Amino acid sequence: VQLQASGGGLVQAGGSLRLSCATSGTILRYTTMNWYRQAPGKERELVASLARGGSTNYADAVKGRFTISKDSAKNTHYLQMNGLKPEDTAVYYCKVDIIGGTHYWGQGTLVTVSS
């Protein structure tokens, strides 16, 4: 299984981007789909997660602005980011957790928000 993240880029503050995370195959036994980010000089942090049952969880910093979703038919999950701020600048990584504790990471996509 491989994860391919895409959709990053340069955007002005207040703008929007949609990140995509496509899997190379169908992940049947996942527990959660996630987006993390890592800003320069900072540790990687969880931004949003989507559990198999449909519940979502967001970091306080992005609540009300970011939305995580999935399209099972396309084996893809998304992060819609609205109202972007300069502090959202980071490399964004997707991750899928599998039943039993295994997980898969995507390669990261850079989001740069200019002020």
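Apply the Karplus parameterisation 6.51 cos²θ - 1.76 cosθ + 1.60, with θ equal to phi minus 60°, to every residue of region 77-85 and state each ³J(HN,Hα) to the nearest whole Hz, in sequence, with x for glycine and proline.
10, 10, 9, 8, 10, 10, x, 5, 10
Kindly write out, for region 40-52 in residue order, the coupling ³J(HN,Hα) from the Karplus curve 6.51 cos²θ - 1.76 cosθ + 1.60 (θ = phi - 60°), rounded to whole Hz, with x marking Gly and Pro.
Rounded to whole hertz, the list is x, x, 10, 7, 5, 10, 6, 9, 7, 9, 10, 7, 4.
Once you order the gyration tensor axes a ≥ b ≥ c over the Cα atoms, which shape class does region 19-66 get: rounded for a/c under 1.5, otherwise prolate or oblate by comparing a/b with b/c? Numbers along the way, then the final one.
On the way: a/c = 2.33, a/b = 1.47, b/c = 1.59.
Judged from the Cα gyration tensor, region 19-66 comes out oblate (a/c at least 1.5, b/c at or above a/b).
Would you work out if the chain is rounded, prolate or oblate? Take a ≥ b ≥ c from the square roots of the eigenvalues of the alpha-carbon gyration tensor; rounded if a/c is under 1.5, else prolate when a/b is larger than b/c, oblate otherwise.
It comes out prolate by the Cα gyration axes.
Compute the FRET efficiency between residue 74 and residue 114 as 1/(1 + (r/R0)^6), taking r as their Cβ-Cβ distance and R0 = 22 Å, and round to the nearest 0.05. Walk me through the numbers on the way to the answer.
Details: r = 31 Å, r/R0 = 1.39.
Plugging the Cβ-Cβ distance into 1/(1 + (r/R0)^6) gives 0.10.
Where a Cα-Cα gap under 27 Å defines reach, which lysines qualify for residue 74, not counting those fewer than 8 residues away within the same chain?
63, 95
Let me check against my output: what whole-number percent is the relative contact order of the chain, with C-alpha pairs under 8 Å and at least 6 apart? Numbers along the way, then the final one.
Details: 284 pairs, mean separation 42.4, N = 115.
Normalised by residue count, the contact order of the chain is 37 percent.
For the chain, report the accessible area per residue in Å² (1.4 Å probe, heavy atoms, rounded to an integer). Walk me through the intermediate numbers first.
Details: 6060 Å² over 115 residues.
Counting only protein heavy atoms, the per-residue value for the chain is 53 Å².
Roughly how many nanometres apart are two label points built 7 Å out from the Cα toward the Cβ at residue 2 and residue 82?
Each label point is offset 7 Å from its Cα along the Cβ direction, giving 3.4 nm.
Based on the Cβ-Cβ distance of residue 24 and residue 99, what FRET efficiency does E = 1/(1 + (r/R0)^6) give at R0 = 22 Å, to the nearest 0.05? It would help to have the intermediate numbers written out before the result.
Numbers: r = 19 Å, r/R0 = 0.85.
Here the calculated transfer efficiency is 0.70.
For Cα pairs less than 8 Å apart in space and 6+ apart in sequence, what is the mean separation divided by the residue count of region 71-115, i.e. the relative contact order in percent?
Details: 46 pairs, mean separation 17.9, N = 45.
RCO, region 71-115: 40 percent.
The values are calculated or read from the model by the stated rules, or taken from the named source; none is laboratory data. The structure presented is a predicted model; accordingly, all values stated were derived computationally and were not measured. A quick note on method: Cβ atoms are made from the backbone with ideal geometry, for glycine too, and the neighbour counts reach across all protein chains shown. Just the protein is used for accessible areas: all its heavy atoms, side chains included, with ligands, DNA and RNA removed. Shrake-Rupley method; radii C 1.70, N 1.55, O 1.52, S 1.80 Å.
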